[in-house]
Amino acid sequence: MPRPKSVEAEMRAAFERLKLDEPKNLPKGTRVSLTNVAKEAGMLPVSLRMDRYPDLHREITAYSEIHSTSTEKGKPKKSRQSDSKRIQRLQSQNEKLLNIVNTLITLNEELVLENEMLKEGKVTRYTP
């Protein structure tokens, strides 16, 4: 009868499968992370804690840091939060520009009125 694997051995096997991009439980292309290694091993992410498996934890963290910087730097990450922040920023910018346009329209109307009064000779100096 085969001896059951230890939890650490299952985690290590899952780590290796993810590194080789041959996962059994997760879709191909899944990035290597502590959470994904635990999921690939069929365990809860909390199972892979630093105090339980410090060496494995450090290995996975180091691997993910090394490989995430080289692959993820090139493409910007979009999220709903960044989209909503962009929408808010654009709405605020739009509101400011509308205020400027309204101010300029009002100023233009005042200048047209002043110009007409000066042409008619009714007022020598106009103060709104």
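The values are calculated or read from the model by the stated rules, or taken from the named source; none is laboratory data. Everything numeric here is computed off the predicted structure, so don't read it as measured data. Note that each Cβ is placed from the backbone with ideal geometry, even for glycine, and that neighbours are counted across all protein chains shown.
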Step by step: first the residues of the stretch 34-52, then only those that are crowded, with 18+ Cβ neighbours inside 10 Å and part of a loop (DSSP other than H, G, I, E, B), then the one that is modelled with the highest pLDDT. Which residue is that? Ala41
Could you say whether any residue in the stretch 113-122 is surrounded by fewer than 10 Cβ atoms within 10 Å (Cβ to Cβ), in a helix (DSSP H, G or I) and basic (Lys, Arg)? yes
With the structure loaded, tell me whether Gln88 is at pLDDT 85 or above and over 17 Å from Val32 (Cα atoms) or whether it fails that test. yes
Which number in (1) at pLDDT 85 or above; (2) part of a loop (DSSP other than H, G, I, E, B); (3) within 23 Å of the chain's Cα centre (by Cα) marks the one condition that Asp21 misses? (3)
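Just the residues that are outside any helix (DSSP H, G or I) and either aliphatic (A, V, I, L, M) or within 19 Å of His67 (Cα to Cα) (or both), please, taken from the stretch 1-18.
Within the stretch 1-18, just Met1 meets the criteria.
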